[in-house]
Amino acid sequence: MSLRIALAAALLAAAGAASAVEPGATAPDFSLTPFAGTHSVSLADYRGKVVLVDFWASWCSPCRQSLPLYNGLQADFPVSEFAILAVGLDENSDDARAFLREHPVKYTALQDPRGDVAQAFGLKGMPSSYLIDRAGIVRYRHIGFEPEDINALKREITALIAKPAAAH
Amino acid sequence: MRSNAKSRRSSPSQPLRTKRALRWLLALIALVCLGGCAMQAVQPWQRGRLARWDMRWDPDPLQAAMNQHAYFSKEGTSGEIGAAGGGCGCN
Amino acid sequence: MRPSPSLSLLIAASAALTGTNAVRADETASEQYVGYRFNIYGEDALSAPSLGDPRRYEVYSQQFLLNSPVGDRNTLSVNATHEVMSGSSPWYVIPGPDNRPIQVLSGATIRDHRSAATVALTHDAGGNDTRTFSASYSQERDYHSTALGAERTLPLSSALTLGFGGSFSHDRIEPFAAVLYDRIQRAEKNTASAFASLSLVLDRVSVAESGVQIDYQSGYLSDPYKLVFVDGTLDPDTRPHRRGEIAWLVRYRRAVNDSAALHLDTRLAANSWGQHSLTLEASWYQNLRDGWQLVPGVRYYSQSRARFYAPFFAAGSGPDFSSDYRLGAFGAAAVNLNLRKRIGHWELSAGAERYHASTGYTIGGASAADPAVVSYTRVFAGLDYHFD
C-alpha cells in the first residue's frame with residue numbers, strides 16, 4: 001500500500017519536473033513583494049519592456065558575481081526599455097537581506113521564499129536567468145553564471161530592444 | 001519444518017544469528033528504499049541547506065588531512081574516498 | 001584519459017537529463033583562501049611491559065594551504081606540510097615470564113624531518129563535471145614518495161553524482177645505518193589505487209555517499225627498522241611483497257535546523273594479509289552566536305590481526321613474520337573537540353584529540369597474542385584567511 005503511494009509520489013515528482021519554461025513560451029506571470037517597499041510587483045507591470053528575470057539565493061556562490069554585475073547591465077540600457085527583476089529564493093529572508101546589504105542592487109529584488117515562481121518557471125539550476133521580450137515571451141534562458149555571460153546578455157537585450165513590440 | 005525446529009532446538013545460536021542478520025538486511029533494504037524509492041526530487045532552489053559549509057564531506061581539508069595522517073600511521077588498514085596522496089615512512 | 005564509448009554515452013545522457021544543474025552547490029574548491037595549522041602529537045608510554053629507552057614519540061607538524069581560482073574555471077590548491085619527529089619506537093618483542101610479550105624499544109632517534117607538498121588543479125570547481133589532477137611529493141632522510149592522482153565527478157541525475165578516480169605512488173626507502181645493522185640498503189614499493197563513489201541527495205537536508213576503494217601494493221612492504229624474535233634469534237621484519245586492500249565507505253551529512261549538522265562516516269576494509277577493520281565516526285557541527293562554532297566528534301576503530309603477525313615466533317615459522325603492532329588485533333576509541341571563531345575574513349581554530357588504543361576494544365575480544373598498543377593525544381591550532 002505504502003509502496004504504491006511512494007511510486008505514485010515518485011511519478012508525480014517526475015511529471016512535475018518536466019514542465020520547464022523554454023524559449024518561445026509565454027513567461028508565467030507572477031506577483032511578489034520586493035525587499036525594498038511593501039507594494040507587490042508583477043511581471044505584467046513590465047509588459048512593453050524587455051525584462052531580465054533572474055533567480056538567485058544568498059547561498060548560491062555565482063550569485064555573488066552576477067548580482068553586482070547586473071547593476072552595470074541595468075545602467076547600460078534606459079529604464080523605459082529594460083528592467084531587471086531579481087527573484088530571491090532564500091527560505092529565510094534575513095539571509096537574503098544580509099546578502100543584499102553586502103551586495104547592494106540598483107534594480108528590483110523580489111522575495112519568493114516558498115519558491116512558487118521558481119516552480120512555475122521549472123528552474124533547472126541555480127542561478128537561472130530568463131530574458132523576456134516586450135510581448136512577454138521568453139527569448140533567452142541561461143543556467144549558471146560566469147562573468148563573461150554579461151556580454152551575451154547585452155547582445156540579446158540590444159537585439160530585443162531593437163525589435164518593435166508587435167513583432168513576436 | 002518440524003525437523004528445522006528440532007535442529008533449532010539442538011543448536012540455538014546459529015539460526016538465531018542468521019535470523020538477526022536477516023533482520024538487519026531487511027532494515028538496510030527498508031532504509032535504502034526510504035532514501036531511493038520514495039524520494040521526492042529536491043529542486044535546485046531547495047538546496048540552500050545542502051550548500052552550507054558544514055554540510056560538505058570535508059569542511060576542513062587541512063584538519064581532515066592531519067587526522068588521516070595520524071590514523072594512517074597507527075593503524076593496519078586505511079583508505080578514504082578520493083585519490084590518495086603520497087606515502088610516508090610512518091607506516 | 002579518454003572515456004570509453006559506453007561512458008561517453010552515459011555522460012551525454014546525464015547531461016541531457018540534467019541540463020547544467022549542479023547536483024549540489026558544493027563550492028569547496030572555488031574559494032580563495034589560505035590556511036595554516038600547527039599540530040602537536042604525543043604518544044603515551046606503552047600499555048604493556050617494555051625495555052629500552054622509554055622516550056615517548058612526538059611529532060610537531062605545520063601545514064600550509066593555498067586555494068585559489070586560476071584562469072578559466074580552474075582552481076589551484078597547494079598544500080605544504082613540515083614535520084619534526086623524535087622519540088623511541090617499537091623495535092622487537094621478546095617472550096617474558098609465562099611467555100608474556102615484552103616490547104623492546106629502539107634507542108631514541110635523533111630528530112627526523114618530513115617535508116611534503118601536494119599540488120592539485122581542479123577544472124570546473126563547483127560546477128557539474130569536475131576533474132582534479134594532483135601531484136604529491138614527500139621526503140624524509142630515509143624515505144621518498146612521489147604520487148600522481150586524477151579524479152572526476154559528474155552528475156547522473158539531479159540527485160545522483162558519480163565520482164571516480166585513481167592514483168599511483170612510487171616510494172623509495174633507504175634506511176640509515178643499513179650496513180651497521182644489516183638492514184636492506186635500498187628498496188622500493190608501488191601503490192596503485194582506484195575508487196568509485198555515488199552520492200545521493202536524500203532530501204532538502206541530507207546527502208549520503210557510498211564508495212569503494214581498492215589499493216594494490218607491490219615491492220618492499222616490510223619495516224626495515226623492525227626485527228622479529230624467532231626461536232631465540234632476531235630476524236628482520238619480513239612481509240609479503242604484495243598487498244591488496246578493499247574498503248567500502250559510507251558517508252552521511254544531515255543539516256539539523258539552521259544551526260547544526262550531523263556527520264556520520266563508516267568504513268569496512270579487508271586486505272590480502274588477512275586483516276579486516278571497521279571504522280565508525282560521528283561529528284556534530286554546532287554553529288553558535290557571533291561566528292563561534294563547536295565541533296565535537298567520536299571515532300571507533302577495530303582491526304583483526306594479519307596472518308603472519310605474532311609477538312614472537314617458534315622455530316620453523318615464516319617465510320613471513322612481523323611483530324609490528326599495526327598488524328596485530330586491537331581497537332581504538334577517540335574523542336575530539338574543535339572550536340572555531342570567524343572574525344571578518346579571518347577564522348581561528350583550536351582543538352584536541354584523545355586516541356585511546358586497547359586490545360580490549362577489539363571486536364571479538366582480546367587474546368594473549370595481542371600487541372602492546374599505542375595511545376596518543378593531539379592538540380592543534382590554526383588560522384585561515386578567506387579572500388571574499
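Every number in this text was worked out from the coordinates using simple rules, so none of it is lab data. Given the structure is predicted, the values throughout are model-derived calculations rather than measurements. Here the Cβ positions follow ideal geometry from the backbone for every residue, glycine too, while neighbour counts run over all protein chains shown.
For all pairs of alpha-carbon atoms in the stretch A:44-133, what percent lies in each bin of width 10 Å, listed from the first bin to the last filled one?
The calculated distribution, bin by bin, is 17, 53, 29, 2.
With label points built 7 Å along Cα→Cβ from the Cα atoms of residue C:53 and residue C:282, find their separation and express it in nm.
Here the modelled spin labels are 4.3 nm apart.
Between residue C:342 and residue A:135, how many nm apart are label points set 7 Å from Cα along the C-beta direction?
Computed distance between label sites residue C:342 and residue A:135 equals 4.8 nm.
In sequence order, what are the phi-derived ³J(HN,Hα) couplings for the stretch A:138-155 according to the Karplus relation 6.51 cos²θ - 1.76 cosθ + 1.60 with θ = phi - 60°, rounded to whole Hz, with x for glycine and proline?
6, 10, 7, 10, 9, 10, x, 8, 10, x, 6, 5, 4, 5, 5, 4, 4, 4
Just to be sure I understand: if I project the alpha-carbon convex hull of the stretch C:102-241 onto a plane and average over all orientations, what area do I get in nm²?
Projected area, direction-averaged: 12.5 nm².
If the stretch C:31-152 were replaced by its equivalent ellipsoid, with semi-axes equal to the square roots of 5 times the Cα gyration tensor eigenvalues, what would those be, largest first, whole Å?
Semi-axis lengths for the stretch C:31-152 are 42, 15, 13 Å.
If the cut-off is 14 Å between C-alpha atoms, which aspartates and glutamates fall inside it for residue C:189, apart from same-chain ones fewer than 8 positions away?
Once the sequence-local aspartates and glutamates are set aside, what remains near residue C:189 is C:142, C:171, C:174, C:215, C:223.
Please list the radius of gyration and Dmax for the stretch C:59-114, considering alpha-carbon atoms only, with Å as the unit.
Looking at the stretch C:59-114, its Cα Rg and Dmax stand at 21.3, 69 Å.
Tell me the chymotrypsin sites (Phe, Trp or Tyr not before Pro) within the stretch C:358-388 that lie in a loop according to DSSP and have at most 12 other beta-carbon atoms within 10 Å.
C:387
Rounded to the nearest 500 deg cm²/dmol, what is the calculated helix-only ellipticity per residue at 222 nm for chain A, with -39500 (n - 2.57) per DSSP H run of length n ≥ 4?
-11000 deg cm²/dmol
Over chain A, consider all pairs of different Cα atoms and compute the Kirkwood hydrodynamic radius from their mean reciprocal separation; express it in Å, one decimal.
Every distinct Cα pair counted, the radius reaches 16.7 Å.
Given the convex hull of the Cα atoms of the stretch C:95-163, what is a quarter of its surface area in nm²?
Over every viewing direction, the Cα hull of the stretch C:95-163 projects on average to 9.8 nm².
Once label points are set 7 Å from the Cα along Cα→Cβ at both residue C:294 and residue C:137, what is their separation, rounded to one decimal in nm?
Between residue C:294 and residue C:137, the simple spin-label model gives 4.5 nm.
Show the residues, 5+ positions off or on another chain, whose built amide H is closer than 5 Å to the amide H of residue C:273.
Correct list: C:244.
Here is the link list: A:49/A:124; A:124/A:163; B:74/C:341; A:106/C:341; A:106/A:154. Which ones come out longer than 22 Å on Cα distance?
Distance filter (> 22 Å) returns A:49/A:124; A:124/A:163; B:74/C:341; A:106/C:341.
Determine, from the Cβ-Cβ distance of residue C:233 and residue C:66 and an R0 of 60 Å, the FRET efficiency 1/(1 + (r/R0)^6), rounded to the nearest 0.05.
About 0.70, to the nearest 0.05.
If I histogram all Cα-Cα distances within chain C using bins 20 Å wide from 0, what percent of pairs lands in each bin?
21, 56, 21, 1
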